[in-house]
Amino acid sequence: MASEEHYYHSVRLDKDRCTGCIHCIQRCPTQAIRVRNGKAIILAERCIDCGECIRVCPHKAKYAERDTIDIINQFKYKVALPAPSLYGQISRVRDVNLLLNALRGLGFDDVFEVAAAAERISDATKKFLKENKEIPRPLISSACPAIVRLITVCYPNLIDRIIPLHSPMEEAGRLARLRAVEETGLAPEEIGVFFITPCPAKITAIKHSQENERSNVDGAVAINDIYPALVSQLGKLEEQEDIQHAGRIGISWGMTGGEAAGTFSEDSMAVDGIENCMNLLGEIEDEKLSRVDFVELNACMGGCVGGVLTAENPFIAKARLNHIRKYLPNSMNSVSDGELDEVVTEKRPEEIPALRLADNLQEAMEKMNRLNELLDTFPRLDCGTCGAPSCRALAEDIVRGYTTEQDCIFRIRDELAGSALKNAVNDIIPPPFRKKEE
């Protein structure tokens, strides 16, 4: 199994809290988790930092490694990048300017709305779709880093479909630093730019960028970490400056459908929830959606308001965003023809060969044949008692040399058929799966 050294991940395991239950292996969309010796193990090459294991772990053994707000003090000038989903987190706040000014009160010198950058990306997406009709459709949004990572792991044939434009976070980071340099005269490295994040995948995207050689963002503070201080600061505001520069389109990026709506195309669609996204990506691989121009995919249900690092119920947050954007202008930001190149990514995502059984085709075919032979001998109950999420995953682990057939208690029972030990083995099989002798 690949080591953590090769793949940075913000999603981490607290072994002291882990009890070896199988909630996480059953929920992980890429089957990136095993349970061995009573503890979960995250397979770094498969993990996409979607945070589903954090969401379902009853013991809080999974967590997202992130920065604390104290990190901003390492820089002379600090800029906050609030995600659009932040606007829906606090009750009775209908004025975005209140939130932006409250962020300044927490120690930031400036605030640059990611929603404003999102409007630029919406405009750039429209132009890119119009100018690149030769690229097979549909094109896929690059905004959700968990989805981008999912494609590199599970659907590498679709990498070229990922639209090569900055995510709003990266574009906001780029513009925020440029503005700060111009206004302060400081060197770029003296300016700290920090994203207020709803999910761990964004943290990973900052630490290990798939868009640029180095991220335009210096760190990330989780929404649920900054939430208490932000609420407290709202009650202390005496004056506020009008610093909001995003309209309806940008704020809508905080929930499912906002990005797709920003393309103003009837041939765009939006999907949320990691399983739904995987199903759709399979449809795209099978060329069943060629009449769709653009697809917005969100790993979290509801979009970013459903991120695992948010503080509010996603349905309530979505309702607040709808109320906030109701009386705003459609958009306040766009990309000129001369600026289009500036929002194009410096590099393309690369395939992560986590699902390959071998680099050599003949060896891979031999292992696949062996995998299928093993699978035919397994009960296909996907019970998780072996520590793998499915019988197929166990068979794959065996052909990779990670474990042995003895991990399947049902195989042991069948091998002991006719011996005095069979009943003893049957007694230790979980009750739903036991078989009584006729």
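Name the one entry in LEU81, LEU103, LEU98 that is part of a helix (DSSP H, G or I) and out of contact with any Pro (no Cβ under 7 Å at 6 or more places or on another chain).
Details: LEU81 fails: part of a helix (DSSP H, G or I); LEU103 fails: out of contact with any Pro (no Cβ under 7 Å at 6 or more places or on another chain).
Answer to the check: LEU98.
For region 190-201, which residues satisfy the criterion of being closer than 15 Å to ALA176 by Cβ and either in a helix (DSSP H, G or I) or of a type in the set (Lys, Arg) (or both)?
Result: GLU190, single match.
Would you mind stating whether GLU213 is touching a Phe, Trp or Tyr at 6+ places or on another chain (Cβ under 6 Å), more than 18 Å from ASP110 (Cα to Cα) and in the same structural domain as ASP95 (by TED's automatic domain parsing)?
no
For region 202-244, how many residues are part of a loop (DSSP other than H, G, I, E, B) and either in contact with a Gly (Cβ under 9 Å, 6 or more places away or on another chain) or at positive phi (or both)?
6
Would you check which residues across region 327-352 are without any contact (Cβ under 8 Å) to a residue 24 or more places away in the chain and assigned to a loop (DSSP other than H, G, I, E, B) and list them?
Within region 327-352, TYR327, SER336 qualify.
Would you point out the residue of region 57-96, among those that are modelled with pLDDT of 95 or more and of a type in the set (Asp, Glu), that is nearest to VAL181 (Cα to Cα)?
ASP70
In region 212-266, which residue that is among the basic types (Lys, Arg) and loosely packed, with under 15 Cβ neighbours inside 10 Å is nearest to LYS126 (Cα to Cα)?
Filtering first and then ranking leaves ARG214.
Restrict the check to region 406-423 and report whether at least one residue is over 30 Å from THR204 (Cβ atoms), among the acidic types (Asp, Glu), modelled with pLDDT under 90 and not assigned by TED's automatic domain parsing to the domain that holds ILE121.
Step one: list which residues in region 406-423 are over 30 Å from THR204 (Cβ atoms), which gives 406-423.
Applying the additional criterion that residues be among the acidic types (Asp, Glu) yields 407, 414-415.
From the residues that got through so far, the ones that are modelled with pLDDT under 90 too are 414-415.
Imposing the further condition that a residue be not assigned by TED's automatic domain parsing to the domain that holds ILE121 reduces the set to 414-415.
Scanning region 406-423 turns up at least one residue that is over 30 Å from THR204 (Cβ atoms), among the acidic types (Asp, Glu), modelled with pLDDT under 90 and not assigned by TED's automatic domain parsing to the domain that holds ILE121.
Under 8 Å between Cβ atoms, which residue pairs at least 6 apart in sequence (or on different chains) link something in region 64-79 that is surrounded by fewer than 16 Cβ atoms within 10 Å (Cβ to Cβ) with a partner that is assigned to a strand (DSSP E or B) and of a type in the set (Lys, Arg)?
GLU65/ARG12
Within region 196-223, track down each residue that is over 19 Å from THR345 (Cα atoms), β-branched (Val, Ile, Thr) and in contact with a Ser or Thr (Cβ under 6 Å, 6 or more places away or on another chain).
Hit for region 196-223 is ILE223, nothing else.
What is the number of the single condition among (1) at pLDDT 95 or above; (2) assigned to a loop (DSSP other than H, G, I, E, B) that LEU371 does not meet?
With (1) at pLDDT 95 or above; (2) assigned to a loop (DSSP other than H, G, I, E, B) applied to LEU371, the lone miss is (2).
Do any residues in region 163-187 that are without any contact (Cβ under 8 Å) to a residue 40 or more places away in the chain have Cβ atoms under 7 Å from those of residues that are assigned to a strand (DSSP E or B) and crowded, with 22+ Cβ neighbours inside 10 Å, where the two are at least six apart or on different chains, and which pairs are they?
Hits for this filter: VAL181/ILE191.
Of everything in region 80-107 that's small (Gly, Ala, Ser) and either crowded, with 23+ Cβ neighbours inside 10 Å or touching a Ser or Thr at 6+ places or on another chain (Cβ under 6 Å) (or both), which residue is nearest to GLY185 (Cα to Cα)?
ALA80
Does LEU309 meet the test of being more than 29 Å from GLN89 (Cβ to Cβ) and of a type outside the set (Asp, Glu)?
In short, no.
Take the residues in region 97-140 that are among the aromatic types (Phe, Trp, Tyr) and closer than 27 Å to GLU296 by Cα; name whichever of them is modelled with the lowest pLDDT.
Within region 97-140, the match that is modelled with the lowest pLDDT is PHE128.
Given (1) crowded, with 21+ Cβ neighbours inside 10 Å; (2) without any contact (Cβ under 8 Å) to a residue 40 or more places away in the chain; (3) not acidic (Asp, Glu), where does VAL295 come up short, assuming only one miss?
Going through (1) crowded, with 21+ Cβ neighbours inside 10 Å; (2) without any contact (Cβ under 8 Å) to a residue 40 or more places away in the chain; (3) not acidic (Asp, Glu) one by one, VAL295 breaks only (2).
Could you tell me whether any residue of region 113-136 is assigned to a helix (DSSP H, G or I), under 25 Å from the mean Cα position of the chain (by Cα), of a type in the set (Ser, Thr, Tyr) and surrounded by 24 or more Cβ atoms within 10 Å (Cβ to Cβ)? Spell out how you get there, then give the answer.
Here is the first cut: in region 113-136, the ones assigned to a helix (DSSP H, G or I) are 114-131.
Now restrict to residues that are under 25 Å from the mean Cα position of the chain (by Cα): 114-126, 128-129.
Now narrow it down to the ones that are of a type in the set (Ser, Thr, Tyr): 122, 125.
The next check asks that each one be surrounded by 24 or more Cβ atoms within 10 Å (Cβ to Cβ); those that pass are 122, 125.
Checked against the condition, which is being assigned to a helix (DSSP H, G or I), under 25 Å from the mean Cα position of the chain (by Cα), of a type in the set (Ser, Thr, Tyr) and surrounded by 24 or more Cβ atoms within 10 Å (Cβ to Cβ), region 113-136 yields at least one hit.
May I ask you to say which residue of LEU357, LEU374, LEU394, LEU416 is without any contact (Cβ under 8 Å) to a residue 24 or more places away in the chain, in contact with an Asp or Glu (Cβ under 9 Å, 6 or more places away or on another chain) and surrounded by 13 or more Cβ atoms within 10 Å (Cβ to Cβ)?
Going through LEU357, LEU374, LEU394, LEU416 in turn, the sole match is LEU394.
Given the conditions (1) of a type in the set (Ser, Thr, Tyr); (2) farther than 20 Å from ILE69 by Cβ; (3) modelled with pLDDT of 95 or more; (4) within 23 Å of the chain's Cα centre (by Cα), and given that TYR227 satisfies all but one, which numbered condition is not satisfied?
Only one criterion in (1) of a type in the set (Ser, Thr, Tyr); (2) farther than 20 Å from ILE69 by Cβ; (3) modelled with pLDDT of 95 or more; (4) within 23 Å of the chain's Cα centre (by Cα) is unmet by TYR227, namely (2).
Within region 42-78, how many residues are closer than 26 Å to MET255 by Cβ and in a strand (DSSP E or B)?
Qualifying residue count, region 42-78: 4.
Checking the condition part of a helix (DSSP H, G or I), closer than 30 Å to LYS127 by Cβ and among the β-branched types (Val, Ile, Thr), which residue from ILE398, ILE324 passes?
Numbers: ILE398 fails: closer than 30 Å to LYS127 by Cβ.
Step by step, each of ILE398, ILE324 is checked, and only ILE324 is part of a helix (DSSP H, G or I), closer than 30 Å to LYS127 by Cβ and among the β-branched types (Val, Ile, Thr).
With respect to the numbered conditions (1) crowded, with 24+ Cβ neighbours inside 10 Å; (2) within 30 Å of LYS236 (Cβ to Cβ), which one is the sole condition not fulfilled by ASP110?
Every condition holds for ASP110 apart from (1).
The values are calculated or read from the model by the stated rules, or taken from the named source; none is laboratory data. Quick caveat, the model's predicted, so the values are computed rather than measured. Cβ: placed from backbone, ideal geometry, glycine included. Neighbour counts: every protein chain shown.
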